[in-house]
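**Student:** The structure follows.
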Amino acid sequence: MEDRPINHSLSQTETPSLPEEDKSVLQIWGRTPLHGHVKISGAKNSALAIMAGALLCPQDCRLRNVPSLVDVKRMSQILLALGVKLERKGDILDIDARHLEQSKAPYELVSQLRASFFVIGPVLARLGVARVPLPGGCAIGARPVDLHVRGLQAMGAEVQIDHGMVHAYVGGSGSKKLKGAKIYLDCPSVGATETLMMAATLAEGETTLENAAQEPEVVDLANFCRAMGARIRGAGTNTIIISGVPSLHSVDYSIIPDRIEAGTFLVAGAITNSELSLSPVVPDHLTAVIAKLHEIGSRVITEEPNCLRIVPGRIRAADIETLPYPGFPTDMQAQFMALLAQSEGDSVITETVFENRLRHVAELNRMGADIRVKGNNAIIRGVPRLSGAPVVATDLRASAALVLAGLAAEGKTSIQGLHHLDRGYDNLEVKLRQLGARLQRVQDEAEVGQVSADPSKVTALQPE
Ligand code: UD1
């Protein structure tokens, strides 16, 4: 992974701005021991990519184990806007893209969700034309899409970017089909690997993706495409070879468990000194996370092939560097920072994947943590105990880190910016409450006043 300049735009006392309408607050009363079992939902990042992948198929697709998330709803709205029919019952999502005819994804939706840009690959492969606005998503750096664009160009697409819209089309030479190509990715981008793999399934000839991302969600997408008749080899390694086929067929497919949600609950056990079990999980997807938890002092035991138990211990300091899979995931960096904030000793966390993903430091410091940022390093001096405070979530995983810190802190923590949390955690509050945590979501803390030392006196809103 190449080095990127790090931009720390917030000082430790600045408060990140909140969208006007997002007034709800999650109040957590910390230092309550947790116990019991957590059911892990389907993987957000798999579900979003696979929903895009369903656009490749001119027949019915049934997806199972689809998590209930705002991001999934937004992706559903994008598919609807493209002319696709969708039906959701529980965790099953039926997608019928036989009438995919719209090639333009709406700006208002794509700007809220980076993963929605990934529809450019399948829409282009099916229709020969795709118009997708430059994406949004978490505020964690520039997050360009140059690798997606260059890969599509290598496959014969004409691509122009103007007024924030990416226009891609094939057909200059008569055929509306993309052509297989040998593509080297400058860095193993998850999204670019997925976009190009999807595009290549219906291309003429063979495509080789080198320096491809190896994340389990890439493998899940490849397995989904293969179940529809695509010919893909090597997913899960750094070289993926796709032999184009004329068309794909109907499928019934179950999404893998969310390794980041599982990792977050493992940290919840470690940070609250609580023994927890979780399933279903694929322990192999969590190797780097489990290794770090062992180093820090917890034991993680595989009880059945798909069930893990965390047995917490004293929290020791450890250094962490985020890396593409199978390295330590950037999506677990903030949660481990919350844990290490209370360790015995000094730790350094180095963020190498995204350029602006340490904004939670200021919020953790509000809770009594002692963390300094230098370049892309966070230098953490462990403190014996965090203390509850009003804080603001700055991105999706930062919001999870603040929840974890709140569970461990003395007193009450009030978290704003919950739209980030709702993007990526399926019923987090319900799941935590079932484990014994004391937490409530209120519409506007000012309305319930500061008398809410007892959560039973606060109106609870169920997360949607
Ligand atoms: C995906 C995940 C996200 C995770 C990330 C890294 C989804 C929906 N999201 O995001 O949760 O944190 O992988 O594991 O699956 N880059 C470029 N040019 C490109 C594409 C990426 O320079 O064209 C850079 C990015 O700015 C970033 C790095 O590559 O610094 C990694 O990004 P990438 O792997 O593409 O992340 P996403 O697919 O956006």
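The values are calculated or read from the model by the stated rules, or taken from the named source; none is laboratory data. What you see is a predicted model; the values in this text were computed from it and never measured. Cβ coordinates were reconstructed from backbone atoms using ideal geometry, including for glycine residues, and neighbour counts include every protein chain displayed. Just the protein is used for accessible areas: all its heavy atoms, side chains included, with ligands, DNA and RNA removed. Shrake-Rupley method; radii C 1.70, N 1.55, O 1.52, S 1.80 Å.
**Student:** Return the total of residues in region 22-53 being modelled with pLDDT under 95 and of a type outside the set (Ser, Thr, Tyr).
**Tutor:** Here the count works out to 2.
**Student:** If you don't mind, there's one more thing I want to ask. Is there a residue being hydroxyl-bearing (Ser, Thr, Tyr) and more than 16 Å from the ligand (Cβ to nearest atom) anywhere in region 170-187?
**Tutor:** Scanning region 170-187 turns up at least one residue that is hydroxyl-bearing (Ser, Thr, Tyr) and more than 16 Å from the ligand (Cβ to nearest atom).
**Student:** What number of residues in region 387-412 are without any contact (Cβ under 8 Å) to a residue 40 or more places away in the chain and polar (S, T, N, Q)?
**Tutor:** The number of residues fulfilling the criteria is 2.
**Student:** Select from region 354-375 the residues that are open to solvent by 40 Å² or more (accessible area, probe 1.4 Å), of a type outside the set (Phe, Trp, Tyr) and outside any helix (DSSP H, G or I) and list them in ascending order.
**Tutor:** Result: Glu355, Arg359, Asp370, Arg372, Val373, Lys374, Gly375.
**Student:** Give Ala288, Ala212 a once-over and let me know the one that is within 16 Å of the ligand (Cβ to nearest atom), crowded, with 24+ Cβ neighbours inside 10 Å and free of Cβ contacts under 8 Å to residues at least 60 places away in the same chain.
**Tutor:** Result of the check over Ala288, Ala212: Ala212.
**Student:** Kindly indicate the residue of region 241-285 that is touching a helix residue (DSSP H, G or I) at 6+ places or on another chain (Cβ under 6 Å) and hydroxyl-bearing (Ser, Thr, Tyr) and also surrounded by the most Cβ atoms within 10 Å (Cβ to Cβ) among those meeting that condition.
**Tutor:** Thr264
**Student:** Let me ask something else. Search region 337-374 for residues being touching a His at 6+ places or on another chain (Cβ under 9 Å) and of a type outside the set (Val, Ile, Thr), and hand back the single one that is farthest from Val391 (Cα to Cα).
**Tutor:** For region 337-374, the residue satisfying everything is Asn356.
**Student:** Might you check whether a residue that is open to solvent by less than 40 Å² (accessible area, probe 1.4 Å) and under 22 Å from the mean Cα position of the chain (by Cα) occurs anywhere in region 380-390?
**Tutor:** No: zero hits.
**Student:** For region 33-57, enumerate the residues that are part of a strand (DSSP E or B) and open to solvent by less than 40 Å² (accessible area, probe 1.4 Å).
**Tutor:** Once the filter is applied, which keeps residues that are part of a strand (DSSP E or B) and open to solvent by less than 40 Å² (accessible area, probe 1.4 Å), region 33-57 yields Gly36, Val38, Gly42.
**Student:** Name every residue in region 319-339 that is away from the ligand (no atom under 12 Å from the Cβ) and buried (at least 21 other Cβ atoms within 10 Å of the Cβ), in order of residue number.
**Tutor:** If the condition is that a residue be away from the ligand (no atom under 12 Å from the Cβ) and buried (at least 21 other Cβ atoms within 10 Å of the Cβ), then Ile320, Gln335, Phe336, Met337, Ala338, Leu339 are the ones that fit.
**Student:** I would also like to ask the following. Could you tell me whether region 221-231 includes any residue that is crowded, with 16+ Cβ neighbours inside 10 Å, closer than 21 Å to His148 by Cβ and within 13 Å of the ligand (Cβ to nearest atom)?
**Tutor:** Yes, region 221-231 has at least one match.
**Student:** Ala54 versus (1) in contact with a Cys (Cβ under 7 Å, 6 or more places away or on another chain); (2) small (Gly, Ala, Ser); (3) more than 16 Å from the ligand (Cβ to nearest atom): which is the lone unmet condition?
**Tutor:** (3)
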